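Just below is one structure, and these are the notes that go with it.
The values are calculated or read from the model by the stated rules, or taken from the named source; none is laboratory data. Computed from a predicted structure; not experimentally measured. Here the Cβ is made from the backbone with ideal geometry for all residues, glycine too, and neighbour counts use every protein chain on show. Surface accessibility is based on the protein's heavy atoms, side chains included, excluding ligands, DNA and RNA. Shrake-Rupley method; radii C 1.70, N 1.55, O 1.52, S 1.80 Å.
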Amino acid sequence: MLNNLWINSYLGRLHQEVLELFSEGIYVTNADGKTLAVNSMYEKLTGLNREDLVGRLVFELQEEGNFDVLTYPEVIATGKKVTTMQTTKANKNVLCNGYPIFNEEGKISLVITFVRDLTLVNQLKEQIMDQQFMIEKYREVNNQRKKEFDQGTTIIKSAPMVQLMEKLTLIANTDATVLILGETGVGKGVLAQKIHEKSMRSKEPFLKIDCSAIPENLIESELFGYDSGAFSGANKKGKAGLLEMADKGTILLDEIGDMPLQMQVKLLRAIQDQEFMRVGSTKIRKVDVRFIAATNSDLAEEVIKGKFRSDLFYRLCVAVLNIPSLRERKDDILELVNFFLDKYNHKYHKNVSFTEQFEKALLSYKWPGNVRELENFIQGFVVSHENDIFDIGDLPQHMLTDTAELYNIDFQDADKSLNEMVGDYEKNLLKKAIETYGSADKAAEALKIDRSTIFRKIKKYDLA
Ligand SMILES: Nc1ncnc2c1ncn2[C@@H]1O[C@H](COP(=O)(O)OP(=O)(O)OP(=O)(O)O)[C@@H](O)[C@H]1O
């Protein structure tokens, strides 16, 4: 008798120990629905205690609100495996698989329910879906941008630009890293996109990161992404960086000269080995990305100053495209002027045009902001003027001042006599003087001529 008791208690302990080996929650009832055993994982997942469950009927427990769904009745009714989903008191979504256990007579003696935590699985699934959604979104935005760009025209007329495009086409077909140099607004971004379009990667994303516009501490996470809990304020689920999003495509590192020194090492590794780690992660990720870097700063000088790593500099210099400033390729200026004039006249339903003198002044102007400045100038001019032809005097003061060659005599203007050319010069000079000094009287004083003379000339040249 004593021996039997010992065997029963030993078996009971053993049985409990076996239940504890499972990573899933386990709930055991007999055929009448009486709870026989649960393991610790079950307690953890449900927030219920073994003492409050063992010996109790599942229906009673359900009535008390401990379970919202039961597997037991269906297992008993069908004699088959039953699967249900539940939200437990511990606020976990769980998957319950109930199995019948048959005795020697073929009758159900036990119902064992395995309970699996779906919260973590769901979180991971959600995370993966979020990432996929984000990557899809980026691809969409990228394709949209690409379409917009395709509709735009790139003006390439001058000999230096034609030559540069030939070189670009050759480079595009290789997978070489490219460094694009040039002053602000010369079209480095435009040509980077052209390289991508002419390459084998043209159907894949083309993404850009502006190193000068992103705070130093965020460049790494923008580029490489971060893992969950990498830093306070970070998205709990972690985030893919541009490198992952641009996989198989091209990344433009704009204003590379502003890349923080400590990031330059990591970037070099990403370029060389196509490997990186997200912030807060030790897992090495592989990508297949072509890098294009652009800058308007003198990187060689930055290397000497110790602000740019020489190894990265040499790695970037595999292929270099140097875009000349607009004043070094004057043959593009009028082509661009007409292109943007058409574009913005069409956009704003205007019919603005320029005289030859006006265009000559634009040719002489230095365009420190290059194509961007020219485009903004034309757009601004079109929106703020009514349909008309505009002459040199309509140019803003700063452009007139900067137009060094404006008053040079144009010997090629065969239709004009010397007197007519002098007349043009005088007219423009007077107009500029009146604008500068604010009145005809003051302009006369500055030009050291009589009041009557200036008014006569104003009348003659119709400057009133
Ligand atoms: N050849 C061109 N034909 C038509 N538009 C151009 C051309 N080059 C540049 N642009 C236009 O000029 C603007 C400036 O170009 P982009 O942004 O490529 O210059 P950037 O050199 O990259 O400037 P930043 O140095 O400021 O980054 C853009 O609106 C672009 O569309």
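Scanning the stretch 47-81 for residues that are open to solvent by less than 60 Å² (accessible area, probe 1.4 Å) and over 18 Å from Lys34 (Cα atoms) turns up just one, Gly47.
Here is a yes/no grid of residues against (1) more than 22 Å from Val186 (Cβ to Cβ); (2) part of a helix (DSSP H, G or I); (3) open to solvent by 40 Å² or more (accessible area, probe 1.4 Å); (4) at pLDDT below 80:
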position: Lys366; (1), (2), (3), (4): no, no, yes, no
position: Leu374; (1), (2), (3), (4): no, yes, no, no
position: Phe381; (1), (2), (3), (4): no, yes, no, no
position: Glu405; (1), (2), (3), (4): no, no, yes, yes
position: Asp410; (1), (2), (3), (4): yes, no, yes, yes
position: Glu420; (1), (2), (3), (4): yes, yes, yes, yes
position: Ala444; (1), (2), (3), (4): yes, yes, no, no
position: Ser452; (1), (2), (3), (4): yes, yes, yes, no
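Looking at the stretch 135-148, can you tell me whether even one residue there is more than 16 Å from the ligand (Cβ to nearest atom), touching a helix residue (DSSP H, G or I) at 6+ places or on another chain (Cβ under 8 Å) and either modelled with pLDDT of 95 or more or in a loop (DSSP other than H, G, I, E, B) (or both)? So far as the stretch 135-148 goes, no, none of its residues is more than 16 Å from the ligand (Cβ to nearest atom), touching a helix residue (DSSP H, G or I) at 6+ places or on another chain (Cβ under 8 Å) and either modelled with pLDDT of 95 or more or in a loop (DSSP other than H, G, I, E, B) (or both). Looking across the stretch 383-398, the residues that are part of a loop (DSSP other than H, G, I, E, B) and of a type in the set (D, E, K, R) come down to Glu386, Asp388, Asp391. Screening Leu218 with (1) part of a helix (DSSP H, G or I); (2) away from the ligand (no atom under 16 Å from the Cβ); (3) open to solvent by 30 Å² or more (accessible area, probe 1.4 Å); (4) modelled with pLDDT of 90 or more gives one miss only, at (4). Quick one: would you say Leu341 is of a type in the set (A, V, I, L, M, F, W, C), more than 16 Å from the ligand (Cβ to nearest atom) and in contact with a helix residue (DSSP H, G or I) (Cβ under 8 Å, 6 or more places away or on another chain)? Answer is no for this residue. Applying the set (1) away from the ligand (no atom under 13 Å from the Cβ); (2) in contact with a strand residue (DSSP E or B) (Cβ under 8 Å, 6 or more places away or on another chain) to Leu321 leaves exactly one unmet item: (1).
Going through (1) under 55 Å from the mean Cα position of the chain (by Cα); (2) of a type outside the set (D, E, K, R); (3) over 17 Å from Asn39 (Cα atoms) one by one, Val94 falls short only on (3). Just checking, does the stretch 242-250 include any residue being more than 23 Å from the chain's Cα centre (by Cα) and farther than 23 Å from Gly182 by Cβ? So far as the stretch 242-250 goes, no, none of its residues is more than 23 Å from the chain's Cα centre (by Cα) and farther than 23 Å from Gly182 by Cβ. Restricted to the stretch 254-310, and to residues there that are of a type in the set (Asp, Glu) and more than 16 Å from the ligand (Cβ to nearest atom), the residue that is farthest from the chain's Cα centre (by Cα) is Glu301. When Thr177 is tested against (1) at pLDDT below 95; (2) in contact with a helix residue (DSSP H, G or I) (Cβ under 7 Å, 6 or more places away or on another chain); (3) more than 10 Å from the ligand (Cβ to nearest atom); (4) of a type in the set (Val, Ile, Thr), just one condition goes unmet, and that condition is (1). Only residues that are within 10 Å of the ligand (Cβ to nearest atom) and either open to solvent by 10 Å² or more (accessible area, probe 1.4 Å) or aromatic (Phe, Trp, Tyr) (or both) were counted across the stretch 186-210, and they come to 8. Within the stretch 82-98, being touching a helix residue (DSSP H, G or I) at 6+ places or on another chain (Cβ under 7 Å) and either open to solvent by 80 Å² or more (accessible area, probe 1.4 Å) or not assigned by TED's automatic domain parsing to the domain that holds Tyr42 (or both) holds for one residue alone: Lys89. With a requirement of 3 or more residues that are modelled with pLDDT of 90 or more and of a type outside the set (Lys, Arg), the strands (runs of 3 or more DSSP E) lying completely within the stretch 1-107 that satisfy it span 25-30, 35-38, 93-102.
Whenever a residue of the stretch 78-98 is small (Gly, Ala, Ser), its partners that are in a loop (DSSP other than H, G, I, E, B) and open to solvent by 20 Å² or more (accessible area, probe 1.4 Å), lying with C-beta atoms within less than 8 angstrom and at least six residues away or across chains, give the pairs Ala90/Gly47; Gly98/Lys81. Exactly one residue among Ala240, Ala172, Ala159 is out of contact with any Leu (no Cβ under 8 Å at 6 or more places or on another chain), open to solvent by 40 Å² or more (accessible area, probe 1.4 Å) and not assigned by TED's automatic domain parsing to the domain that holds Asp332, and that residue is Ala159.
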